[in-house]
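What follows is a short report on a single structure.
The values are calculated or read from the model by the stated rules, or taken from the named source; none is laboratory data. Worth saying up front: this structure is predicted, and the values here are computed from it rather than measured. Cβ coordinates were reconstructed from backbone atoms using ideal geometry, including for glycine residues, and neighbour counts include every protein chain displayed. Just the protein is used for accessible areas: all its heavy atoms, side chains included, with ligands, DNA and RNA removed. Shrake-Rupley method; radii C 1.70, N 1.55, O 1.52, S 1.80 Å.
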Amino acid sequence: MATVVTLGMIKPDAVASGKAGLIIAHLQREGFVIRAARLVRMTRPQAAAFYEVHRGRPFYAELVEFMTSGPCFPMALENEDAVKAFRTAIGATDPAEAEPGTVRKLY
């Protein structure tokens, strides 16, 4: 199967708590190759545009606020079936429901 590139983002709380390196190492152990990465602080307009798909949902304003609260670390990640592999590696959105050994359960 050909490799695919997907977007992964280490969010502001994980960057602030010093977990970015652990998360990157975990993803590399899962077979991801980092093709590009950059520490950035999103502006409100950037976060609003990025999360536009969620506009109108109750959590939208809080999400934009959170994503602009500090630096985040977007990455271009390459792997076979990258989207599925990334979702598996990071785990369920709710950390309480994430499988053991996933990013959201570990960090």
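One line per residue, one yes/no per condition, for (1) assigned to a strand (DSSP E or B); (2) surrounded by fewer than 16 Cβ atoms within 10 Å (Cβ to Cβ):
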{"site": "Leu7", "(1), (2)": "yes, yes"}
{"site": "Gln28", "(1), (2)": "no, yes"}
{"site": "Pro45", "(1), (2)": "no, yes"}
{"site": "Ala48", "(1), (2)": "no, no"}
{"site": "Val64", "(1), (2)": "no, no"}
{"site": "Met75", "(1), (2)": "yes, no"}
{"site": "Gly101", "(1), (2)": "no, yes"}
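Inspect segment 81-88 for any residue being under 23 Å from Ile34 (Cβ atoms) and in a strand (DSSP E or B) and give the result as yes or no.
no
Taking the condition of being open to solvent by less than 20 Å² (accessible area, probe 1.4 Å) and either touching a Ser or Thr at 6+ places or on another chain (Cβ under 7 Å) or over 22 Å from Gly21 (Cβ atoms) (or both), how many residues in segment 77-99 meet it?
Going through segment 77-99, the residues open to solvent by less than 20 Å² (accessible area, probe 1.4 Å) turn out to be 77, 82, 89, 91, 98.
With either touching a Ser or Thr at 6+ places or on another chain (Cβ under 7 Å) or over 22 Å from Gly21 (Cβ atoms) (or both) added as a condition, the list becomes 77, 82, 89, 91.
Looking only at that region, the number is 4.
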